[in-house]
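The values are calculated or read from the model by the stated rules, or taken from the named source; none is laboratory data. Note that the coordinates shown come from a computational prediction; the quantities given were computed from them, not determined experimentally. Cβ placement follows ideal geometry from the backbone for every residue including glycine, while neighbour counts extend to all protein chains displayed. The area values use the complete protein model at the heavy-atom level, side chains included, leaving out ligands, DNA and RNA. Shrake-Rupley method; radii C 1.70, N 1.55, O 1.52, S 1.80 Å.
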Amino acid sequence: MSRTYYVTTPIYYVNDVPHIGHSYTTIAADVLARFFRQAGRDVRFLTGTDEHGIKIVKASAEKGLTPQQLADTVVVGFEQLWRDLDITHDDFIRTSQPRHEARVQAIVQALVDRDEIYLGGYEGWYDEGQEEFVTESAARENEYKSAISGRPLVRYKEPSWFFRLGKWVPRLLEHIETHPDFILPASRANEVVSKLKMGVEDLSISRLADKVGGWGVRMPNDRDHTVYVWIDALSNYLTALGWPAVGAEDDEAHMRYWPASVHLIGKDILWFHAVYWPCMLMALDMPLPQCVFAHGWWTSEGRKMSKSLGNFISREVIAELCAEYGRDAYRYFLLREVPFGSDGDFSRASLKGRYNSELANGIGNLLSRTTNMIDRYFDGVLPEAVGVGAVERPVIDAAAALREGAEAMMARCDFHAYLGALLAVAQATNRYIEDTEPFKLAKDPDQRRRLGTILNTCAQAVAVILAHLEPFMPEVAAAGLSRFGGAPAAGTLAERTAWGALPAGTPVSKGEPLIPRKP
Ligand code: ME8
């Protein structure tokens, strides 16, 4: 059995419609899933929706719907967006599903059995938009408003069950210090560590069921309480694998995927994933995920995204952008524009700029030049490479750097550098064509072997580029590779992209520009 790779996205709240931020994490997860499948790993890719909590209860009431009706409506939009963006998840979990609810109860019961939970009372501030308890000092600092949404915090005072979070903090700190890749980027790990060192209180993990209209998972040990939505939500990463066993047929069928290779999340929900979740897992005596990667946030046209400003990038706007540039270009842009982990600004001008300079002029143009010349000078049959020498070196070296660095870059979610290395191959090859001037050599019959070597080199480079582009731009890459009739389709990515993998004699067809320039 090959090594497993388990990638997850956050499960998205159904109080509002999907937008660019959701598409960002899910596209990143899809790229990782596709890449590691190509690398021969046994991949599991999970996404889904977070449907409980006061936020959903309030949003549904405003719309005159029940929470379930709201969830059922909004989830359709998420599923549609994932189809629109060619997302290849293996499972889609909804927290209102019985398979999830039963297992959340089993998880909480296990914590009760281990004496990790006790009854107390919560009095303090709550950020209903973030579904987050806020300490007095943090509340005061932000003038009793949400640090994220700016909306007023709500005062809560009620009996509540508590998880002994504080007890696990020393072990968590040690884990973070001894596992430098546990929280990425590293700067985020530092933030978590300094906050942990300031001291952490035990975590309120239940809400009175009446206060949330009974919408949620009941505490197994106390019917008057529902499980705090974050405990419910975080558990999805395990419940979706069938853990803990509660008697259904597929119980624990997928437990070979645990621990997760990476939980991809946005920076605003790092604390939940880097503190609550691992402490819960330690209390359950379960292995911790290998990595929690917190990406940055997008603004739109230079400002915080909002419906009232008219710069909200909804599913409909994404569909429009995909119609104009192709969904592959949208996928590419998001992961290329800024390093994963940094904040980025989305603008139509930068999408168009990158599309034209990197995709159309860089990769598309190289593919067209190469296939056109092979068609014209060699009747569409890939010529042999003989006497490969120093002139070819920069191209071969750039391809080797991409191929050899690919897996490590993907393991660190360094999409930006990966695509940078990929573009470097295109640049080196385009420069090679300019330097060697094959169109001039074609006029001289004595240069035929040299011409063949140049075009073979270009074709090898294009094949390496397209194979590595596949996880990001699956349709464009497949269409490009199909122009090289004999491009090896089987084998791992590294096998398929060994230099010279495209044999001489391969039929090569030219065609319409694959990535046409936008005026
Ligand atoms: O937080 N740019 O769900 P959610 C980039 N249900 N990312 C953005 C963004 C933006 N402008 N706006 C939001 C939740 N996000 C919980 C998760 S997981 C067990 C439970 C990201 O729908 C945000 O950072 O509010 C978060 O990672 C994700 O969208 C889901 O947000």
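For this structure, a couple of remarks:
- Computed over the chain: relative contact order in percent, which uses C-alpha pairs under 8 Å that are six or more apart: 15
- Sorting 163-171, 452-460, 266-274 by their mean Cβ neighbour count within 10 Å, with the most densely packed peptide first, gives 452-460, 266-274, 163-171.
- Within the chain, helix-based [θ] at 222 nm, where runs of 4 or more DSSP H residues each add -39,500 (n - 2.57), nearest 500: -14000 deg cm²/dmol
- Working from label points 7 Å from Cα in the Cα-to-Cβ sense, the residue 198 to residue 437 distance is 6.6 nm.
- Highest average packing first - 466-475, 299-308, 250-259, 211-220, Cβ atoms within 10 Å: 466-475, 211-220, 250-259, 299-308
- Of all accessible heavy-atom area on the stretch 100-178, the percent that carbon and sulfur account for (1.4 Å): 50
- Segment residue 137-residue 268, length gained on full extension (0.36 nm per residue, minus Cα span): 45.3 nm
- As a length-normalised measure over Cα pairs under 8 Å and 6 or more apart, the relative contact order of the stretch 348-496 settles at 29 percent.
- The length gained on full extension between residue 251 and residue 312, counted as 0.36 nm times the residue separation minus their Cα-Cα distance, comes to 17.9 nm.
- Shape summary: the chain maps onto an equivalent ellipsoid whose semi-axes, from the alpha-carbon gyration tensor, are 50, 23, 20 Å in decreasing order.
- Pairwise FRET efficiency - residue 164 versus residue 297, Cβ, R0 = 30 Å, nearest 0.05: 0.40
- Counting 0.36 nm for each residue step from residue 80 to residue 349 and taking away their Cα separation leaves a gain of 94.2 nm.
- Radius of gyration and maximum dimension Dmax of the stretch 348-496, Cα, Å: 15.4, 49
- Debye, to nearest 20: dipole size of the chain, +1 on Lys, Arg Cβ, -1 on Asp, Glu Cβ: 1180
- Of the DSSP H helices in the chain, those whose Cα atoms cover at least 30 Å axially and whose Kyte score averages 0.5 or more: 448-469
- Fraction of beta bridges assigned by DSSP in the chain that are antiparallel (%, nearest 5): 50
- Average accessible area per residue (Å²) across the chain - probe 1.4 Å, nucleic acids and ligands excluded: 40
- Solvent-accessible area assigned to carbon and sulfur over the stretch 348-496 amounts to 51 percent, based on a 1.4 Å probe.
- Three-way shape label, the stretch 267-407, alpha-carbon gyration tensor, a/c 1.5: oblate
- Given 63/211; 145/267; 307/518; 157/307, the pairs whose alpha carbons are separated by over 25 Å: 307/518; 157/307
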